[in-house]
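Quick notes on the structure that follows.
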Amino acid sequence: AQRVTQPEKLLSVFKGAPVELKCNYSYSGSPELFWYVQYSRQRLQLLLRHISRESIKGFTADLNKGETSFHLKKPFAQEEDSAMYYCALRGSIQGAQKLVFGQGTRLTINP
Amino acid sequence: DGGITQSPKYLFRKEGQNVTLSCEQNLNHDAMYWYRQDPGQGLRLIYYSQIVNDFQKGDIAEGYSVSREKKESFPLTVTSAQKNPTAFYLCASSLRGSYNEQFFGPGTRLTVL
C-alpha cells in the first residue's frame, strides 16, 4: 500500500534557524516524491520534486530510499516560509497516476 | 488569471440535498482530480479522470459522483449519501504521464447545515 507520513502536525522555529520537515513513505515500487506548499490565502502549489534535485526558495529535499524518507530542509528559515507543507507520493494504480498526500505540517517561523 | 477555477467559493447545503461543485480548467490538461481536505488528514483523493468520458474512484469515493463530458470540466456532486460532507474541496489538473505537476484550484468550502 502507498502511504505518506508526516509525523509533525505543527512545527515552530525562529527566523534564521534551520528547519527540517519530516516525510516518510511506504511504496513497493520506485517512488516519485513531491513537496507541496500552501501559503495563507493562496492555492496549494508545487514546491519541489525529487527528480529535479533542485533548490527552491532555499529548500532542498533528498530521497533516501534506505530510510524511505524525503525530508524537506532549509538552513536558515525566513518568516515568509510560514505555511502548510504537504509531502506527496505518486504511484501507479492500474496504469493511472495518482498522488497520495501526507497529513501536512504547519510551519510557523517566529521573528 | 486563468488556470483552474472552482465555484462557488463557499457553499451551504441542507442535509439530504445533493450539491454540485464546479471545476473548470483552461490549461488543456487531460487529467483532473478531486480531493477533500480536512484538518489533520491532509488531502484525500475522491475521484480522478485521465481522459474525457472516463473516470475512476479514489480512496474516498462513497457518497460522491463525477462526470467528465468535456476536457475542461470535471464537476463533483456531493450526494445525500455522503455522511460527513462538510469539508474543503480541491480540484486539480495535470498533463498525463510521470513527473507532471498537479495544478490546484482555489477550493470550495462546503458546509452542511
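Return the total of residues in the stretch A:25-42 being surrounded by fewer than 16 Cβ atoms within 10 Å (Cβ to Cβ) and under 16 Å from B:Q102 (Cα atoms). Adding up the residues that qualify gives 1. When the stretch B:69-106 is filtered for residues that are within 14 Å of another protein chain (Cβ to nearest Cβ), surrounded by 19 or more Cβ atoms within 10 Å (Cβ to Cβ) and assigned to a loop (DSSP other than H, G, I, E, B), the ones remaining, listed by number, are B:Q102, B:G105. Here the stretch B:34-54 is the region considered, the condition is being modelled with pLDDT under 90 and assigned to a loop (DSSP other than H, G, I, E, B), and the residue that is farthest from the other protein chains (Cβ to nearest Cβ) is B:P39.
Within the stretch B:61-100, the set of residues being touching a Lys or Arg at 6+ places or on another chain (Cβ under 8 Å) and farther than 23 Å from A:L46 by Cβ comprises B:G63, B:V78, B:P85. B:I60 passes every criterion in (1) under 21 Å from A:Q2 (Cβ atoms); (2) in a strand (DSSP E or B); (3) in contact (Cβ under 8 Å) with a residue 24 or more places away in the chain apart from (2). Considering only residues that are touching a Cys at 6+ places or on another chain (Cβ under 8 Å) and hydrophobic (A, V, I, L, M, F, W, C), look in the stretch A:18-60 and name the one that is nearest to the other protein chains (Cβ to nearest Cβ). Among residues in the stretch A:18-60 that are touching a Cys at 6+ places or on another chain (Cβ under 8 Å) and hydrophobic (A, V, I, L, M, F, W, C), the one nearest to the other protein chains (Cβ to nearest Cβ) is A:F34. Residue-level check: of (1) more than 12 Å from the chain's Cα centre (by Cα); (2) within 11 Å of chain A (Cβ to nearest Cβ), B:K14 misses just (2). Which ones in the stretch A:22-46 are at pLDDT 95 or above and farther than 20 Å from B:R44 by Cβ? The answer is A:K22, A:Y39.
The values are calculated or read from the model by the stated rules, or taken from the named source; none is laboratory data. Note that the structure is a prediction, hence the values are computed from the model and not measured. Heads up, the Cβs are rebuilt from the backbone with ideal geometry, glycines too, and the neighbour counts pull from every protein chain shown.
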